[in-house]
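Asker: The structure that follows is given in the form of structure tokens.
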Amino acid sequence: MNARLRPVVVGLLAVALVLVLGGCGAAVTKRVDPALTLEPVAFRTEVNHWPQTGNNDLDFMEVYDPWEPMNRHIYDFNAGLDTYVLLPAVGVYKTVLPAPARKGVTNVINNLNELPVLVNCILQGKVRKGAVTTSRFFINSTFGLLGIMDVASGAPHLQRQNEDVGQTLGFWGVGNGPYFVMPGFGPSNLRDTVGFGGDTLLLYLEMVQVYRLAGVRNTWHTTIAEMTVRTINRRANVPFRYHQTGSPFEYEMVRYIYTKKRELDIQR
């Protein structure tokens, strides 16, 4: 090798050796930042917030929720109530009543609910829906043996309508207001919470008239008994289970789905 080039070559080889050894050393001594490790996420809703990034793909699911800390605690309370009270009651309900009997109970309740639906159809000026609801009530109350059988749903043009006071308020232009988790009842918002009070009043007035026509003495015991049956029957027909969605953002998912569903309900 040329004597003049020899020092240059030796220098290049030395530099290359240092880079290789440095790379190997870095690979061996590399440490993982604990902040970047994927640790299991606690499922309690109060700690599950969206990642704070400037460009979040989940931002579209944001809902006006100024009471979020309180709502998350209520959500956890509802989850416990559902797990330790409602679901065991549903288990007893399904054990005592066979599926055909439970279907009959559901049909009777749905038939009684037609009257509050009719009131809201009238308040919204929805004539066609009001006519369908009225027809359903008379058909199921007569040919359906007081609503035990849902005969009317066999006709494509007589499908059950769903209208409540919250939808009526929305139809009149009342906004959602803040998102709110109702203790014991689940997702709602300020408008629908007020509407829930209106629905409860309509249902109570209807129960009073039904008891009077049936010759049943209207007491708090009969009212509480009916409301209990309604609550357990409704829970038996809802497949949702708390903390079983497989997502650490279950609270946000429920909030978003409820809000969008109510918007579509009002637009129908």
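The values are calculated or read from the model by the stated rules, or taken from the named source; none is laboratory data. The structure presented is a predicted model; accordingly, all values stated were derived computationally and were not measured. Glycine also receives a Cβ, built like all others from the backbone with ideal geometry; neighbour counts cover every protein chain displayed.
Asker: When residues of segment 133-162 are filtered for being part of a loop (DSSP other than H, G, I, E, B), over 21 Å from Leu264 (Cβ atoms) and not aromatic (Phe, Trp, Tyr), how many remain?
Answerer: Matching residues across segment 133-162 total 9.
Asker: Which residues, counting only those in segment 59-91, are in a helix (DSSP H, G or I), among the charged types (D, E, K, R) and over 17 Å from Gln244 (Cα atoms)?
Answerer: Asp59, Glu68, listed by residue number.
Asker: What's the total number of residues in segment 233-242 that are within 19 Å of Phe77 (Cα to Cα) and touching a helix residue (DSSP H, G or I) at 6+ places or on another chain (Cβ under 6 Å)?
Answerer: Result for segment 233-242: 2.
Asker: Answer with yes or no whether Val92 is more than 28 Å from Phe180 (Cα to Cα) and free of Cβ contacts under 8 Å to residues at least 60 places away in the same chain.
Answerer: yes
Asker: Against the condition β-branched (Val, Ile, Thr) and either over 25 Å from Ile109 (Cα atoms) or free of Cβ contacts under 8 Å to residues at least 60 places away in the same chain (or both), how does Thr223 come out, does it pass?
Answerer: yes
Asker: Any residue that is within 24 Å of Thr133 (Cα to Cα), surrounded by 16 or more Cβ atoms within 10 Å (Cβ to Cβ) and at pLDDT below 95 - is there at least one of those in segment 216-226?
Answerer: Checking segment 216-226: at least one residue is within 24 Å of Thr133 (Cα to Cα), surrounded by 16 or more Cβ atoms within 10 Å (Cβ to Cβ) and at pLDDT below 95.
Asker: If you don't mind, there's one more thing I want to ask. Can you confirm whether segment 123-132 contains a residue that is closer than 15 Å to Asp199 by Cα, under 25 Å from the mean Cα position of the chain (by Cα) and in a helix (DSSP H, G or I)?
Answerer: no
Asker: Does Gln161 satisfy the condition of being within 23 Å of the chain's Cα centre (by Cα) and either surrounded by 16 or more Cβ atoms within 10 Å (Cβ to Cβ) or in the same structural domain as Gly198 (by TED's automatic domain parsing) (or both)?
Answerer: yes
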